[in-house]
Amino acid sequence: MDIKTVCVVGAGIMGAGIAQLCAYHKYKVNLVDINNEILTNAKASIKKNLDRFFVSKKKISVEEASQILDKISLFTNRDDAIGDVDMVIEAVFEDMALKQKLFSDLDAKCDRGIILASNTSSLSISDIASKTNHQERIVGIHFFNPAPVMKLIELIKGKNTSDGVFLKAKQFSESLGKTVVSVNDSPGFVTTRLIYVMCNEAIKMFEDGLASKEDIDIAIKLAFNFPMGPLELSDLVGLDTYDHIGDYLSSELGNTYKPAAMLKKMVKKGTLGRKSKEGFYQY
Ligand SMILES: NC(=O)c1ccc[n+]([C@@H]2O[C@H](COP(=O)([O-])OP(=O)(O)OC[C@H]3O[C@@H](n4cnc5c(N)ncnc54)[C@H](O)[C@@H]3O)[C@@H](O)[C@H]2O)c1
């Protein structure tokens with residue numbers, strides 16, 4: 001494995017978590033977003049997470065936490081951030097046009113040997129790659145939230161992803177301590193296709209007045225031994241992300257996947273879950 005430096009594009013919930021995870025596993029990380037405020041907030045949240053979940057639990061020392069943070073450099077200029085990297089992991093909004101444009105730019109600017117990975121949770125990897133000239137180097141590496149903690153990576157092979165790139169992406173994912181499953185390119189892959197339906201259905205039940213939000217969450221947690229209820233989970237993922245996923249899955253797979261009216265209303269109001277401090281619950 002010759003991956004040493006990774007560029008993570010997008011420093012939101014997932015980008016920050018992926019940057020932390022990679023730095024924890026000794027990769028140098030160039031973290032990119034559109035402005036400095038987002039980047040400094042991301043780095044502050046990484047520091048807070050390291051302190052809270054690793055230093056205070058004596059899993060790492062204060063010095064090790066500071067070495068991990070030192071491995072993460074912040075960039076608002078993407079061209080500067082991709083200069084010396086071996087892999088790019090994209091974690092921008094769940095928007096096909098945005099991702100296609102980004103991958104087309106990255107493909108034009110990154111050396112041929114650099115793997116370009118998307119952390120999309122639902123969009124077709126083959127379609128994301130379709131505007132590039134080197135589709136063989138594009139692969140889906142689907143992390144879960146929170147990326148430093150969750151044990152799974154869902155690896156997605158696009159129509160033209162080469163076997164060599166897929167294998168390298170698998171080795172890289174395993175080097176982060178994750179269990180890897182390989183999934184064919186299809187809307188929502190395995191995980192999102194299922195969890196989105198459950199969460200969207202729970203939102204519809206709440207909307208219909210079937211039970212309180214608390215009781216819906218308690219029912220699903222205790223009935224199925226899930227760590228979180230579907231409404232809590234929707235707040236964690238981000239309601240805007242679920243709305244994008246629902247629009248995409250319903251356009252590809254049919255009306256069963258159409259986002260609940262309440263989900264649309266909450267996104268329009270700007271109540272996006274934890275990231276906006278209010279969703280189904282207050283944070
Ligand atoms: N939230 C989850 O639980 C989860 C889990 C797995 C995968 N994902 C996927 O990860 C991706 C990111 O989701 P998120 O929850 O981190 O979203 P988010 O809204 O928290 O963050 C997205 C970030 O991308 C940045 N961005 C947008 N356009 C950009 C550009 N051109 N260049 C650089 N940065 C740009 C935004 O400023 C923002 O900070 C999505 O594709 C989503 O589907 C999300």
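The values are calculated or read from the model by the stated rules, or taken from the named source; none is laboratory data. Please read these numbers as outputs of a predicted model, since none were measured by experiment. All Cβ positions, even for glycine, are placed from backbone atoms using ideal geometry, and neighbour counts span all protein chains on display. In case anyone asks, the SASA skips ligands and DNA or RNA and just uses the protein heavy atoms, side chains included. Shrake-Rupley method; radii C 1.70, N 1.55, O 1.52, S 1.80 Å.
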Among 27-39, 205-217, what's the highest-first ranking by average C-beta atoms within 10 angstrom per residue? 27-39, 205-217
Residue 175-residue 255 pseudo-label distance in nm [points 7 Å out on the Cα-to-Cβ vector]: 4.9
Between helix 213-224 and the chain: long-axis angle, C-alpha atoms, 0 to 90°, nearest 10: 70
Over the chain, how many percent of alpha carbon pairs lie in each 5 Å bin up to the one with the longest distance? 1, 6, 12, 16, 18, 17, 14, 9, 5, 2, 0
Divide by every residue of the chain the summed helix terms, -39500 (n - 2.57) for each DSSP H run of at least 4, and state the resulting mean residue ellipticity at 222 nm, rounded to the nearest 500 deg cm²/dmol. -14500 deg cm²/dmol
Return one number: the angle in degrees, 0 to 90 and rounded to the nearest 10, between the long axis of the Cα atoms of helix 36-50 and the longest principal axis of the Cα atoms of the chain. 80
A 1.4 Å probe over the protein heavy atoms gives the stretch 2-161 a carbon and sulfur accessible-area percentage of 52
Pair residue 56, residue 190: separation of 7 Å Cα→Cβ label points (nm): 3.5
Taking only Cα atoms, what is the 0 to 90° angle, nearest 10, from helix 191-207's long axis to the longest principal axis of the chain? 30
Residue 269 versus residue 215: modelled label distance in nm, points set 7 Å from Cα along the beta carbon direction: 2.1
Solvent-accessible ranking of 244, 134, largest area first, probe 1.4 Å: 244, 134
Where the centroid of each part is defined by its Cα atoms, how far is the stretch 124-160 from the stretch 55-111 in Å? 15
Local electrostatic count, residue 65, Cβ distance below 9 Å [Lys/Arg +1, Asp/Glu -1]: -2
When only C-alpha pairs under 8 Å and at least 6 residues apart count, what is the relative contact order of the chain, in percent? 14
How many angstrom lie between the Cα centre of the stretch 163-181 and the Cα centre of the stretch 211-261? 29
Percent RCO, i.e. relative contact order, over the stretch 195-275, from Cα pairs under 8 Å lying at least 6 residues apart: 33
